[in-house]
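Colleague: Below is a structure I'd like to ask you about.
The values are calculated or read from the model by the stated rules, or taken from the named source; none is laboratory data. Since this is a predicted model, take the numbers as computed values, not measurements. Positions of Cβ are backbone-derived with ideal geometry, glycine not excepted, and every protein chain shown enters the neighbour counts. To get the accessible areas, we keep the full protein, side chains included, count just its heavy atoms, and leave off ligands, DNA and RNA. Shrake-Rupley method; radii C 1.70, N 1.55, O 1.52, S 1.80 Å.
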Amino acid sequence: MKHLILAAAASCAVGVAAAATDCNKPQAAATPCDIESRVEATLSRLTLDEKLGQLWQCHWKTAKVAASEDASGLAISEKFLENARRGRFGSLIGKAGVEKYNAVQKAAMEGVGIPLLIGHDMIHSATTCYPIPLALSCAWDVDLWERIAAAMAPESIALGVNWTFTPMLDVALDARWGRIAEGGGADPLLTGLMGAALVRGFQGENLADGRHIAACAKHYVAYGAAQGGRDYNKVELADSTLRETYLPPFKKAVEAGCATIMPAFHSYNGIPCSANSYLLKDILRTEYGFDGMTISDYNAVLELIRHNVAADGAEAAALAINAGIDMEMVSSFFPDTLKDSIAKGIVDMKTVDDAVRNVLRTKYRLGLFDHPYIDEGEIKKGIDLAANRALAREAARKSCVLLKNNGILPLRRPAHIALLGDISGDAYQMLGCWSTKDLSNFENATLLEGLKADGADVAYTGLYTLTGRVDVAAVKAAIAGADIVIAGFGDYWENSGEGNSVARLELPGEQLKVAEAVKETGKPLVAVVFGGRPMAFPELAGMADAILYAWNPGGSGGWGLADVLTGISEPWGRLTTDMPRATGTCPQFYSRTITGREARYDAKFPNGRPYSSRYVDVPATALYPFGFGLAYTTFAYSNESATVDGDNVVFTLDVKNTGSRHGTEVVQVYVHDEVAKTVRPRRELKGFQRVALAPGETKKVEIAVPIDSLGYWVNGKYTLEPGFWTAWIAPDSDSGKPIHFEIAK
Ligand code: GLC
């Protein structure tokens, strides 16, 4: 985001008193003050209580000052408005609609004269619901990600929100972790590209234009490395791993101008992120130059007491603000205890002022001082719900991943389809964690509705739940007249997301009996797998004739999935995580560090030879690897090469569509440093390009990888050494022909 330092700022430099008055009021275009002058002018007139109020995000519903609830679920009592006037809080969390937004903003502007940031989790849905972020990451499509965020921004404003707690940038290597659903998968490059695109979409080129909202990169940092894949659990990492795997997406978000950053709940190497100045100051502020605002996670300041690093709220607040937290979410120790901690010299006034500056700067950057209210009519003019639902359908098409197809897809006509499983007829289960729960915004977009809309001859029988018993005879009876069977598998989205880690990745209930029953009849089986995480389904993979991994595809999900199954659309998605063979192989990720005894597989030892890095009972390889996904056509790679050219290594090859249908291939570049001071990942994704090819068409593809992206961290320094690299230009992280290049100096 470009913060223009306006030439007219000089006008504010002369005569601070006069300038302070000028800079304190909504700015006439003729003599605009620059943001820093306006921040200083506002800060200079605040009392200590008003300053501390800016550092608290109160909850619409549960705040101490909130009113009792009324029929709408939210009330704004006179007491609540009075607290807004007094500047008791600087922000609210929740979406209360435009009317309440304007009412509380009016009180704040008439009183303390500082508008409120009003934040909510517009993660992948506002009014329109898109696929969960992990699904969206499988689109490998920067343009799509940016378009979705841009479409969500005005919808969010129309719901009374000017700040979203998105993008979630936690690289996740362990599918047991419930929040893998919310991020960009297992790779820092891809997660960073997705995060930056979402920031650009939400914030736009001009964050202050009244049609965009502030973004929040979270959860800073390495939340996805929670021990045991169990949410909120401790994280212990080597600094090099922090810097190579978990920090890069946040650096990309800061470079994209992300307005705010949210530290994570967990402890990092013994110190909770909310009290970790190494993370919040040394890296985020000093190294990255972040000048926006940090906000704690929900009650995370209070949780410093539960982490036994603070004896009470006063100590927790002092720890947090001294470590670099600017605003406290929901718990109110900042406004309630910092005055006393300042008096005792435990917290410096400068620390408080700097936090207030960060909050005010964010509000000025968002233009809230100049336009604190939402013009509902105006903002709704820019919302095209039909277009947004079409975008959600496009996203569902592009997020699902075709993992297996023995030729039965796309569905041929005529063919009588038997569709099975409760999830195949359940629109709510398409939504996923962090989605709006208002089904009125959806077209009841179940897989059944999608198939019918696409003209399929389909008979639906719910028949079984994903977690319950299966009546095999009933399955066989239901499919007796069918030419092909489509059955829903996987897990319910409530078993993913925050606080929902699992100890088993295998398919719950008796789902496999459905596949076995279909198999016994000899009818072809298309398995559509739903859920908010990668799951372990080797048995299903062996029985199904085709597998479409659907994730939670959003409010138009069933339509998008049907478009792919019927061939109206080509399969587009590629995995952004490994699909594990078993829970026990987790954390399971493509970029694992190479060992001195790599597992070697052969006919005699299909699970790996003795005395190698293997499991006796299961191959340690992915069932389906990162980057993998099928199309309805096939591609051939040839003439792969890597050439050092200036500051880049340029990877080139020819890709040919060797099938009979159009398709787009995601050409991926992986590298391995052959000799380094530390052990290196077996492969690291360094670039990719999507290429569309007509049947028989060949295109030359060129992917430039900056040489300075080939370094690694050792002894606290980013190190790039001359040497030899192996590279693969490939369709996934397990395949490709190795080629070599040298960085000479
Ligand atoms: C939650 C989540 C965070 C979310 C916040 C506000 O506990 O950790 O991702 O933005 O609270 O709802």
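Colleague: Only one of (1) over 15 Å from residue 211 (Cα atoms); (2) of a type outside the set (Lys, Arg); (3) open to solvent by less than 20 Å² (accessible area, probe 1.4 Å) fails for residue 155. Which number is that?
Modeller: It is condition (1) that residue 155 fails.
Colleague: Might you check whether a residue that is basic (Lys, Arg) and either more than 32 Å from the chain's Cα centre (by Cα) or crowded, with 18+ Cβ neighbours inside 10 Å (or both) occurs anywhere in the stretch 690-697?
Modeller: Looking through the stretch 690-697, none of the residues is basic (Lys, Arg) and either more than 32 Å from the chain's Cα centre (by Cα) or crowded, with 18+ Cβ neighbours inside 10 Å (or both).
Colleague: Also: For the stretch 316-361, which positions are within 16 Å of the ligand (Cβ to nearest atom) and either of a type in the set (Ser, Thr, Tyr) or more than 21 Å from residue 273 (Cβ to Cβ) (or both)? It would help to see each step written out before you state the result.
Modeller: If we filter the stretch 316-361 for residues that are within 16 Å of the ligand (Cβ to nearest atom), which is where we start, we get 320, 325-332.
331, 332 - these are the residues of the stretch 316-361 that are within 16 Å of the ligand (Cβ to nearest atom) and either of a type in the set (Ser, Thr, Tyr) or more than 21 Å from residue 273 (Cβ to Cβ) (or both).
Colleague: Only one of 143, 231 is farther than 29 Å from residue 384 by Cβ and either surrounded by fewer than 24 Cβ atoms within 10 Å (Cβ to Cβ) or within 16 Å of the ligand (Cβ to nearest atom) (or both); which? Write out each step before concluding.
Modeller: On the way: 143 fails: farther than 29 Å from residue 384 by Cβ.
None of the other options fit; the residue is 231.
Colleague: Filter the stretch 121-132 down to the residues that are open to solvent by 10 Å² or more (accessible area, probe 1.4 Å) and either modelled with pLDDT under 95 or touching a helix residue (DSSP H, G or I) at 6+ places or on another chain (Cβ under 7 Å) (or both), then identify the one that is farthest from the ligand (Cβ to nearest atom).
Modeller: Kept after step one, since they are open to solvent by 10 Å² or more (accessible area, probe 1.4 Å), are these residues of the stretch 121-132: 121, 123, 127.
Narrowing the set further to residues that are either modelled with pLDDT under 95 or touching a helix residue (DSSP H, G or I) at 6+ places or on another chain (Cβ under 7 Å) (or both) leaves 123, 127.
Values: 123: 8, 127: 18 Å.
Per the criteria, the residue is 127.
Colleague: Among 312, 297, which is the only one that is under 25 Å from residue 353 (Cβ atoms) and in contact (Cβ under 8 Å) with a residue 40 or more places away in the chain? Lay out the reasoning, then the answer.
Modeller: Details: 312 fails: in contact (Cβ under 8 Å) with a residue 40 or more places away in the chain.
When all the criteria are applied, what remains is 297.
Colleague: Which of the residues that make up the stretch 284-295 are in contact with a Cys (Cβ under 9 Å, 6 or more places away or on another chain) and either open to solvent by 50 Å² or more (accessible area, probe 1.4 Å) or assigned to a loop (DSSP other than H, G, I, E, B) (or both)?
Modeller: 290, 292
Colleague: Same structure, new question: Within the stretch 462-474, is even one residue closer than 25 Å to residue 183 by Cα, of a type outside the set (Ser, Thr, Tyr) and modelled with pLDDT under 95? Spell out the reasoning first.
Modeller: First pass over the stretch 462-474, keeping only residues closer than 25 Å to residue 183 by Cα: 466.
After this cut, where a residue has to be of a type outside the set (Ser, Thr, Tyr) as well, the list is 466.
Next, only the ones that are modelled with pLDDT under 95 stay: none.
Among the residues of the stretch 462-474, not one is closer than 25 Å to residue 183 by Cα, of a type outside the set (Ser, Thr, Tyr) and modelled with pLDDT under 95, which makes the answer no.
Colleague: Please go through the stretch 229-274 and pick out each residue that is on the phi > 0 side of the Ramachandran plot and in contact with a Phe, Trp or Tyr (Cβ under 9 Å, 6 or more places away or on another chain). Working first, answer last.
Modeller: First, pick out the residues of the stretch 229-274 that are on the phi > 0 side of the Ramachandran plot: 229, 232, 257, 269-270.
229, 232, 269 - these are the residues of the stretch 229-274 that are on the phi > 0 side of the Ramachandran plot and in contact with a Phe, Trp or Tyr (Cβ under 9 Å, 6 or more places away or on another chain).
Colleague: Could you please find all residues in the stretch 649-689 being open to solvent by 50 Å² or more (accessible area, probe 1.4 Å) and under 27 Å from residue 724 (Cβ atoms)?
Modeller: From the stretch 649-689, those open to solvent by 50 Å² or more (accessible area, probe 1.4 Å) are 656, 658, 660-662, 674-675, 677, 679, 689; that's our starting set.
Hits for the stretch 649-689 are 674, 675, 677, 679, 689.
Colleague: Let me ask something else about it. Could you list, in sequence order, all residues of the stretch 257-270 that are buried (at least 22 other Cβ atoms within 10 Å of the Cβ), out of contact with any Asp or Glu (no Cβ under 7 Å at 6 or more places or on another chain) and under 20 Å from residue 149 (Cβ atoms)?
Modeller: 258, 259, 260, 261 - these are the residues of the stretch 257-270 that are buried (at least 22 other Cβ atoms within 10 Å of the Cβ), out of contact with any Asp or Glu (no Cβ under 7 Å at 6 or more places or on another chain) and under 20 Å from residue 149 (Cβ atoms).
Colleague: Here is a further query. Need the failing condition index for residue 169 against (1) open to solvent by 10 Å² or more (accessible area, probe 1.4 Å); (2) within 16 Å of the ligand (Cβ to nearest atom), just the number.
Modeller: Of the numbered conditions (1) open to solvent by 10 Å² or more (accessible area, probe 1.4 Å); (2) within 16 Å of the ligand (Cβ to nearest atom), the odd one out for residue 169 is (1).
Colleague: Next question. Does residue 135 qualify as being more than 14 Å from the ligand (Cβ to nearest atom) and in contact with a His (Cβ under 9 Å, 6 or more places away or on another chain)?
Modeller: Numbers: more than 14 Å from the ligand (Cβ to nearest atom): yes; in contact with a His (Cβ under 9 Å, 6 or more places away or on another chain): yes.
Yes.
Colleague: Which of the numbered conditions does residue 316 fail, given that it passes all the others? Conditions: (1) surrounded by fewer than 24 Cβ atoms within 10 Å (Cβ to Cβ); (2) over 23 Å from the mean Cα position of the chain (by Cα).
Modeller: For residue 316, the exception is condition (1).
Colleague: Could you give me the residue pairs with C-beta distances under 9 Å whose first residue belongs to the stretch 627-647 and is among the polar types (S, T, N, Q) and open to solvent by 50 Å² or more (accessible area, probe 1.4 Å), whose second residue is modelled with pLDDT of 95 or more and in a loop (DSSP other than H, G, I, E, B) wherever it lies, and which are 6+ apart or on separate chains?
Modeller: 634/658; 634/659
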